[in-house]
Amino acid sequence: MNFAKPLLRTIARGTSLLACASYATSALAVVGDSEGGPKVNQLNLPVGVTQISREIYDLHNAMMILCMVIFVGVFSAMFYSVIMHRKSRGYQAATWHESTTVEIIWTIVPFFIVILMALPATKTVIAMKDTTNSDITIKATGSQWKWGYDYLKGEGEGISFLSNMATPRSAIGDPELGEKAAPTGDEYLLEVDHPVVVPVNKKIRIITTANDVIHAWAVPQFGVKQDAIPGFVRDTWFKAEVTGTYRGECQELCGKEHAYMPIVVKVVSPEDYSKWVTAQKAAMVASADDPSKVWALAELMARGQQVYGNCTACHQADGKGVAGSYPSLDGDAVVNGPKNGQIQIVLKGKNNKMPSWQQLSDVELAAVITYTRNSWGNHSGETVQPSEIKAARSSS
Ligand SMILES: [Cu+2]
């Protein structure tokens, strides 16, 4: 069906242009297209930047056209018969039944149509499932409501980080409190603090799994969508052919903040990728932790300030939170109360609103808790040591 592709794309683009033109005058909350994400008034699938995504796009269009042709054919015949051969024109109903010829035709024709659709689709589905010979393997772990990434194989092996949505919660607004959303820009709800970085033109295998409920890792521009299931390991792959930033979202309803766990993948040149790997490795060495070490308050504070980046979206950098939605940690009774109360909340979460942070290491948790207990108006002066986090983990 190669001859049809340019034609189909032209038709598809024309349709979305038409739609854009007719909506251009209405006021939109998000002004422009998001870079590597959805476009304003986008109607069709993105063509994408991988072989697979282009194949999906072409299959989708080809099948839509095939369906349209059948639709028009069947309904034309039906309406023609109903209108032209109506009783008031003096037509007599035919009385024949059980025509073997007709029955054979209406079995054979759909059979060939199905084969016509199944052959190219099967070819693409098999290619999508072929995760062999990958250059880099990355594990993506879904949890309520963020992604964790571990580079398991290939250049960058050993790198691991959490990826949180970077849009501040205060910009989302709480409809229950009568608040309106105030979009921060074209990347609203599609921006993260730590994007996945991969080299261009390399086969990247993504292994998906989850900590709590089923999530799904999906990036439309790559033609990739794979469920992330707790206790199971699934995989998918992509080979991006164009450098740039590409965006996706969790695509399996996973709870209250399902909409707030975006996926951002930066595709860079091989040289830039090597630079990024070197920088990440250096940062990991710098923050490599000796779990039995007793940390000084100043050390924990410095480390805790970095880790607190995970918390600013809700509790804000000044610790004041968002009235009505996210409690202020500044002057908070829990933060200024007994250590263990706070350790339990940060470790396990609270009321399904405050997420669990069990994925952070003992040192990171000790540091961030110490940080909140000694910042803004809080001056406990005491440290929380990694050993205390370890004890709290094993006692639960
Ligand atoms: Cu999810």
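The values are calculated or read from the model by the stated rules, or taken from the named source; none is laboratory data. The model shown is predicted, which means the values in this text are computed figures rather than measured ones. All Cβ positions, even for glycine, are placed from backbone atoms using ideal geometry, and neighbour counts span all protein chains on display. Each accessible area value is taken on the protein alone, full model and side chains, heavy atoms only, with ligands, DNA and RNA left out. Shrake-Rupley method; radii C 1.70, N 1.55, O 1.52, S 1.80 Å.
Points to keep in mind about this one:
- Sequence-distant aspartates and glutamates (8 or more away, or on other chains) whose Cα lies within less than 13 Å of LYS139: ASP150, GLU157, ASP227, ASP235
- Cα gyration tensor, the range 261-343 - rounded (a/c under 1.5), prolate or oblate: oblate
- Descending Cα extents along the principal axes, the range 181-274, whole Å: 39, 38, 21
- Mean sequence separation of contacting Cα pairs (under 8 Å, at least six apart), scaled by the length of the range 297-395, corresponds to a relative contact order of 32 percent.
- Under 18 Å from LYS293, Cα to Cα: aspartates and glutamates that are on another chain or at least 8 residues apart: ASP362, GLU364, GLU382, GLU388
- Treating r as the C-beta distance of TYR91 and ALA171 and R0 as 51 Å, the FRET efficiency rounds to 0.15.
- 18 Å cut-off, amide nitrogen to a point 7 angstrom out along ASN352 Cα→Cβ, residues in the range 242-278: 252-261
- Surface accessible to a 1.4 Å probe, per residue, for the residues of the range 264-372, Å²: 49 Å²
- Share antiparallel - DSSP beta bridges, the chain, percent rounded to 5: 70 percent
- Exposed-loop-free span, longest in the chain, where chymotrypsin sites (Phe, Trp or Tyr not before Pro) count as exposed if DSSP calls them loop and at most 13 other C-beta atoms lie within 10 Å: 233-396
- Given their separation in residues at 0.36 nm each and the Cα-Cα distance between them, LEU43 and ALA127 gain 27.6 nm when the chain is fully extended.
- Convex hull volume per residue in cubic angstrom - Cα atoms of the range 1-288: 229 Å³
- Take every Cα pair under 8 Å whose residues are at least 6 apart in sequence, average their separation, divide by the length of the range 208-277, and the relative contact order is 29 percent.
- Largest-first ordering by accessible area, 1.4 Å probe, given options LEU189, LEU253, LEU300, LEU116: LEU253, LEU116, LEU189, LEU300
- Extended-chain gain in nm, criterion 0.36 nm per residue less alpha-carbon gap, GLU157 and ALA283: 43.9 nm
- Reciprocal of mean inverse Cα separation for the range 110-198 (Kirkwood radius, Å): 17.1 Å
- Sequence-separation-based contact order of the chain, relative, with Cα cut under 8 Å and 6+ spacing, percent: 14 percent
- Of all complete DSSP H helices in the chain, those with a Cα span along the helix axis of 27 Å or greater and a mean Kyte-Doolittle hydropathy of -0.5 or more are 4-23, 51-84, 100-129.
- Semi-axis lengths (Å, descending) of the ellipsoid that matches the C-alpha gyration tensor of the range 297-395: 18, 16, 12
- Note on SER387/LEU119: beta-carbon distance plugged into 1/(1 + (r/R0)^6) with R0 of 56 Å gives a FRET efficiency of 0.35.
- Probe 1.4 Å, all protein chains present, accessible-area order of LYS350, LYS129, LYS293, largest first: LYS129, LYS350, LYS293
- Put simply, the Cα atoms of the range 55-119 extend 52, 26, 7 Å along their principal axes, the longest span coming first.
- Dividing the summed helix terms, -39500 (n - 2.57) for each DSSP H run of n ≥ 4, by the number of residues in the chain produces a 222 nm estimate of -12500 deg cm²/dmol to the nearest 500.
- Size of electric dipole in the chain: Cβ of Lys, Arg +1 and of Asp, Glu -1, about Cα centre, debye, nearest 20: 960 debye
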